[in-house]
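Below: the structure, in structure tokens.
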Number of protein chains: 2
Amino acid sequence: MLSLLDLLRSIEAGETTPEAALRQAHQAIAARDDELQAFAYVDGSAQAAASGPLRGVAVGLKDIIDTADMPTQMGTPIYAGWRPRADAAIVSLLHRAGATVIGKTATTPLVYLDPTVTRNPRNPAHTPGGSSSGSAAAVGAGLIPLAVGTQTGGSVIRPASFCGVAAVKPSFRLLPTVGVKPFAWTLDTLGLFAATVADVACALAAVTGREALRIDRRTIAAPRIGVMTQDFAGEPDPDGATALEAAARAAERAGAVVRPVRPSPTLAEAFHAHGPLQNYEARQALAWEYDSHRALLGPLLRQLLDEAQTIPAEAYDDARGVAHRARLALKEETFRDVDVLLTHAAPGAAPEGLGGTGDSRFNRVWTLMGTPCVNVPGLETEGGLPVGVQIIASFGGDAQALAAAAFVEDALRRRP
Amino acid sequence: MLSLLDLLRSIEAGETTPEAALRQAHQAIAARDDELQAFAYVDGSAQAAASGPLRGVAVGLKDIIDTADMPTQMGTPIYAGWRPRADAAIVSLLHRAGATVIGKTATTPLVYLDPTVTRNPRNPAHTPGGSSSGSAAAVGAGLIPLAVGTQTGGSVIRPASFCGVAAVKPSFRLLPTVGVKPFAWTLDTLGLFAATVADVACALAAVTGREALRIDRRTIAAPRIGVMTQDFAGEPDPDGATALEAAARAAERAGAVVRPVRPSPTLAEAFHAHGPLQNYEARQALAWEYDSHRALLGPLLRQLLDEAQTIPAEAYDDARGVAHRARLALKEETFRDVDVLLTHAAPGAAPEGLGGTGDSRFNRVWTLMGTPCVNVPGLETEGGLPVGVQIIASFGGDAQALAAAAFVEDALRRRP
């Protein structure tokens, strides 16, 4: 993989140039993307910017993010050839930071569970996860140092875990979603993929102008970590259980205070509220697509929207109420004695086959809580597939989440 | 004005037909809109739907609401001729309810304070208010029975007050904003304009499928009304003060419990937090327009965005924190002993001249609070210009707000 920070350091040191970095990304895509299929569109003319902290950084944007100079096709024939007038806000923020959008990455159709064509960069017989399939795969394959995705259930953290890359799903609306195709407005959150936790932190800091998000290894304190197994979401695969245990032990050996934390009862309720809330919003957000192009929807999305038409408003209102109470409980109880939570990023390694994108059950409630979530890479199965673990902080605690995730990432590197 | 409920009753009774109602709207627009300039685009082929509770209802949509079959030009040359691929969610919901979108109504450029060309239907030398200028004016002039606008500061309630129409700005995100051009995502709220409070309530019920929102005059209880003058927002005009006093006295005579209510200190803080919060989001939401077309922005918006570029993230975070605390105080203190608040809808009647759109200072904090707000028409100045008053309920209390507003509207009609 291409570390964004290593690349910026090489540019800074004069060992490479922003122009050469862009050429390298173009060449890597040309060489490998026919097999990987991470990109839905590549801008062959994309060049390095003149200035900015991310100068020389080639970025892939999930193809539900509006671009004025490239198609935005949402993974569906409904938007074939579609060209928005304006760039999404995140695109302007990337441009201001000096990054170069090199192309649009493959998304599942309208970000739901119907799979896209992208393969897992670590094993082409396995799914890269979804819905931000291309973003995770393009970074995992080392084609580009940075990609943007979105998460409504588990569409950033899960594919990051499956592809062995770092990712951050920041606090709700820390990154602006203006110009990003909505699925469920209470949930939709932009996220960033890069090789390491420090890389995603650097990109998030550059894009938001919040310098406190950067990882400074000289000042990272050993965090108080609560290990939460999310029993309300069912059992993980053996791979996932092993990874969580390994991460907890490594963090403890590195000096972290690690102890088990039980979820509050409202968090379990909130886990079950995610579905009705998401689907009630999706039936409105995708009303035009459903009413005008139902036959062109992916079969799983069509079925979801068919069923969502009858969700009563009261079920939605109840789900919002549950989410509100669970957010308060998380803030006032769960995060009172720990800095971050450590939990599964996915049930286990990427499932075999390209007919599905895996399961978001260990991600959903955190999207609903709006808390910052980080996938920490560095562990793998005996078969060589990556298995991530997830670090979660309280709402607004993006810097803590990233610092603790970098701590765990370092601890995993130092394992005997 | 055209009462939506009267129209539906006439159709129900066979006194008119949905087709005739659409023809009437087309004719009224053709006859009067050259002078009024409420419409940015009229779909001359728009016909009545085959079914639905709002069948025969011609609707005007503020021209920042995406339509697949009409231009969406945002009041600015930056979007001249722009045609989105999809309808906004609210458009699909209107279609499902049987309403017919007859055209797009004039908006101030990108919904900020630079005025548009629309005139006040009650006096063409006065502003209709903004930014939903055309929506308020088209209903106020009796061209159409229903229009949709948006409010980020005071862009629904203020023009409704100036044009003498009823309007509801529902609880935040009760109406989906998918496909509506964002200005500040924490604030942007869709609203509806119609002749009377019962008319807007009927439309809101039909579009959301929430039947409890309809006004049933047999069951409206006399509300407990807290009169709040919003001293933190400055003094109203004498017209505005007189209107508020008249509405309070009329409600009291009709049996309401009316007493003064002082705002909590955090509400005053939240009033001042609206600006930094809105402008920090606007600089991101409109980043592409600013970076690519700064010279084409309205001068007031350009200046706002120029200044907004330097707002620090901390000021935004502080503003969000203040807003959060003020929402809690509103719920737990202010609305503990009253059902609704009665306050100014605008400082007074519509100012003379078309060079501005009036002042949103009595609306802003309520947009930030996300509470349902209703403009109650029925009062006017000695010069014959309308002056509305505003009814506000707790978040989620849209039915209470509408019922109390209908109570006050009835009370004003029965004045000696």
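Working note: Cα gyration tensor of region B:215-261, eigenvalues times five, square-rooted, sorted largest first, giving semi-axes of 24, 11, 10 Å.
Quick one: compute the contact order of chain A, relative version, from alpha carbon pairs under 8 angstrom and 6+ residues apart, as a percent. Can you show the working numbers first?
Numbers: 1046 pairs, mean separation 79.3, N = 416.
Value for chain A: 19 percent.
Averaging the Cα positions of each part gives two centres, and for region A:217-293 and region B:352-416 these lie 44 Å apart.
Using a simple spin-label model with pseudo-atoms 7 Å out from Cα toward Cβ, A:SER10 and B:GLU12 lie 7.3 nm apart. Close lysine pairs were tallied over the protein assembly as shown: pairs 8 or more places apart or on different chains with Cα atoms under 22 Å apart number 18.
Note down the Stokes-Einstein diffusion coefficient of region A:267-416 in µm²/s, whole number, using a Kirkwood radius over alpha carbon pairs, 37 °C, and 0.692 mPa s. Can you show the working numbers first?
Values: Rh = 17.6 Å.
Reported coefficient: 187 µm²/s.
Listed from fewest to most Cβ neighbours within 10 Å, the set A:SER51, A:SER133 follows the order A:SER51, A:SER133. All Cα-Cα separations within chain B were binned at 20 Å from zero, giving a P(r) of 30, 60, 10, 0, each value a whole percent of the pairs. Neighbouring Cβ atoms from other chains, within 10 Å of the Cβ of residues in B:168-177, number 2 on average. Across q = 0.13, 0.20 Å⁻¹, region B:266-339 modelled as identical point scatterers on its alpha-carbon atoms has Debye log10 I(q)/I(0) values of -0.49, -0.81, in the order of the q list.
Put in line by how crowded their Cβ is, counting other Cβ atoms within 10 Å and starting with the fewest, B:GLU380, A:GLU211, B:GLU289 read A:GLU211, B:GLU380, B:GLU289.
Taking region A:4-213, how much of its Cα-Cα pair set, in percent, is spaced more than 23 angstrom apart?
36 percent
Kirkwood analysis of region B:180-270, using all unique Cα-Cα pairs, places the hydrodynamic radius at 16.4 Å.
The order of A:THR242, A:THR219, going from fewest to most other C-beta atoms within 10 Å of their C-beta, is A:THR219, A:THR242.
What is the calculated FRET efficiency for A:ALA315 to A:GLN27, with r their C-beta to C-beta distance and R₀ = 51 Å, to the nearest 0.05? All intermediate terms of the calculation are to be shown ahead of the outcome.
Working: r = 52 Å, r/R0 = 1.01.
Computed FRET efficiency for A:ALA315 and A:GLN27: 0.50.
In whole Å and largest first, what semi-axes does the C-alpha gyration tensor of region A:127-185 yield when each eigenvalue is scaled by 5 and square-rooted? Square roots of five times the eigenvalues give 20, 12, 10 Å.
Sorted from shortest to longest, the distances between the B:GLU235 label points of this copy and the other copies are 7.5 nm, with each point 7 Å from Cα along the line through the beta carbon. Under 10 Å, Cα contacts only: if you run a Gaussian network model on chain A, which one of A:HIS95, A:HIS324, A:HIS293 comes out with the highest mean-square fluctuation? Looking only at A:HIS95, A:HIS324, A:HIS293, the biggest GNM fluctuation is shown by A:HIS293.
How long are the three semi-axes of the equivalent ellipsoid of region B:367-412, in whole Å, if each is the root of 5 times an eigenvalue of the C-alpha gyration tensor, listed from largest down?
On the way: eigenvalues 105, 32, 4 Å².
Sorted largest first and rounded, they come to 23, 13, 5 Å.
Placing a label point 7 Å from Cα toward Cβ, how far apart in nm is B:ASP317 from its equivalents in the other copies, listed shortest first to one decimal? Nearest first, the other copies' label points are 3.6 nm away. Over region B:47-115, the ratio between the Cα radius of gyration and 2.2 N^0.38 Å evaluates to 1.16.
Dimensions of the protein assembly as shown from C-alpha coordinates, computed as largest minus smallest value along each principal axis and given longest first, are 89, 51, 48 Å.
Across the identical copies, the label point of A:THR17 (7 Å from Cα in the Cβ direction) is separated from its matches by 7.4 nm, in order from shortest.
Taking 0.36 nm per residue of separation and subtracting the Cα-Cα distance, full extension of the segment from A:PHE232 to A:ARG173 would add 18.6 nm. Extension gain for A:ASP69-A:ALA241 works out to 57.5 nm (0.36 nm per residue, less the C-alpha to C-alpha distance).
Peptides A:179-186, B:82-89: what's the order by average Cβ count within 10 Å, highest mean first?
On the way: A:179-186: 23.1, B:82-89: 21.5.
Those peptides, ordered most packed to least, come out A:179-186, B:82-89.
Please find the FRET efficiency linking A:ARG259 to A:ASP34, where r is the Cβ-Cβ separation and R0 is fixed at 45 Å, and quote it to the nearest 0.05. E between A:ARG259 and A:ASP34, to the nearest 0.05, is 0.40. The mean count of C-beta atoms from other chains within 10 Å of the C-beta of residues in B:82-95, rounded to a whole number, is 5. Annotation for region A:105-154 versus region B:45-63: alpha-carbon center distance of 41 Å.
Computed over the alpha carbons of region A:283-325, Rg followed by Dmax gives 12.6, 39 Å.
Here the sum of -39500 (n - 2.57) over DSSP H runs of 4 or more residues, divided by the residues of the protein assembly as shown, equals -12000 deg cm²/dmol at 222 nm, to the nearest 500.
Only the coordinates and a few stated rules stand behind these numbers; no lab work does. This structure is a prediction, so every number in the text was calculated from the model and none was measured. Cβ sites come from the backbone with ideal geometry, for glycine too, and all protein chains shown count toward neighbours.
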